[in-house]
Amino acid sequence: MTLAGRTALVTGGSRGIGRAIAMALARAGAAVGINYVNDADAAADTVREIDEAGGSAVAVRTDVRDTEAVAKMVAEVRAALGPVGILVNNAGVLRDKPITFMSDQEWDDVVDINLRGAFTCIKAVGRDMMRARYGRIINISSAAGITGDAMRASYVAAKAGMIGLTKAAAREFATSGVTANAIAPGVIETDMIKALSDAKRAALLERVPLGHFGEPDDVARAAIFLASDRSGYITGQVLSVDGGMVM
Ligand code: NAP
């Protein structure tokens, strides 16, 4: 139980990668705040499963774009489980569109949820982490944020931005006992990639040296390492979990 006594907040913790990370954090002994925005049933399921396994968790409905609501969410988690020491910025959306057809609103939605949402959450937990002289910030970026990808300019820009944000936070918090790292998953089997055409899946698979897509638990295991004391001397880094797509 390497994370016993810690409190974590996982944005988008109701489904997919966020859910796997929340479950793994709970298994490691952390109390976990599960953020979601739409799917209350999925969030409640995740909380129930953690409870049944003897852990503790609360679900909080908040749009991570909303600075005030995020501050309230962090206060709610603090009141229920204690100050957040581990923040996993995982909430994200992907919308495929060619640049020349993408509306300003479509651009803003993707950049705001992925990138601005990570900023609002870091801002909301930063003081508690600095006060405690302990913190782990883990931003879920993407291989696409490193290599680029056609038809996904908003997503690629947001995920590349998250890498910049990670490095800025790592430098800014370095003397306060707070580390910030990013994970760059490749293709992971979740709802997010269900919309991909067979042709796109096949093209992506060709780029994976290990020959198969990843599972949410592959990302969760990396997140647990970055959340633990074992990664205490690692900050400002991007850890690829992608079957070798980016090397
Ligand atoms: P997913 O299954 O679609 O789940 C997305 C999660 O984000 C859900 O919990 C959703 O909440 C939450 N969310 C969406 N908009 C939100 C908002 N405005 N405020 C708060 N929560 C919000 O996605 P996933 O595949 O697990 O992806 C998780 C992260 O990994 C994302 O950042 C994604 O970009 C990144 N990633 C995924 C892949 C992949 O292949 N799957 C690859 C690289 C990176 P609700 O349940 O309430 O809708």
request  = Considering each of Ala30, Ala40, Ala57 in turn, give the residue that is of a type in the set (Gly, Ala, Ser) and either surrounded by fewer than 20 Cβ atoms within 10 Å (Cβ to Cβ) or within 13 Å of the ligand (Cβ to nearest atom) (or both).
outcome  = Ala40
query = Would you pick out the residues in segment 1-27 that are surrounded by 24 or more Cβ atoms within 10 Å (Cβ to Cβ) and small (Gly, Ala, Ser)?
reply = Ala8, Gly12, Gly13, Ser14, Gly18, Ala20, Ala22, Ala26
key: Leu165 vs. criteria open to solvent by less than 20 Å² (accessible area, probe 1.4 Å) and under 22 Å from Val93 (Cα atoms)   = no
message = Within segment 7-18, take every residue that is under 12 Å from Ala57 (Cα atoms) and not in a strand (DSSP E or B) and give me the one that is farthest from the ligand (Cβ to nearest atom).
response = Gly13
task = Could you please let me know if Ile224 is within 19 Å of the chain's Cα centre (by Cα), under 30 Å from Met130 (Cα atoms), exposed (fewer than 15 other Cβ atoms within 10 Å of the Cβ) and at pLDDT 95 or above?
result = no
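Okay, residues lined up against (1) away from the ligand (no atom under 15 Å from the Cβ); (2) surrounded by fewer than 14 Cβ atoms within 10 Å (Cβ to Cβ):
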{"site": "Ala144", "(1), (2)": "no, no"}
{"site": "Ala160", "(1), (2)": "no, no"}
{"site": "Glu172", "(1), (2)": "yes, no"}
{"site": "Asn181", "(1), (2)": "no, no"}
{"site": "Asp191", "(1), (2)": "no, yes"}
{"site": "Leu204", "(1), (2)": "no, no"}
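The values are calculated or read from the model by the stated rules, or taken from the named source; none is laboratory data. These numbers were taken from a predicted model, which means no experiment stands behind them. Note: ideal-geometry Cβ built from the backbone for every residue, glycine included; neighbour counts use all protein chains shown. Heavy atoms of the whole protein, side chains included, go into the accessibility calculation; ligands, DNA and RNA do not. Shrake-Rupley method; radii C 1.70, N 1.55, O 1.52, S 1.80 Å.
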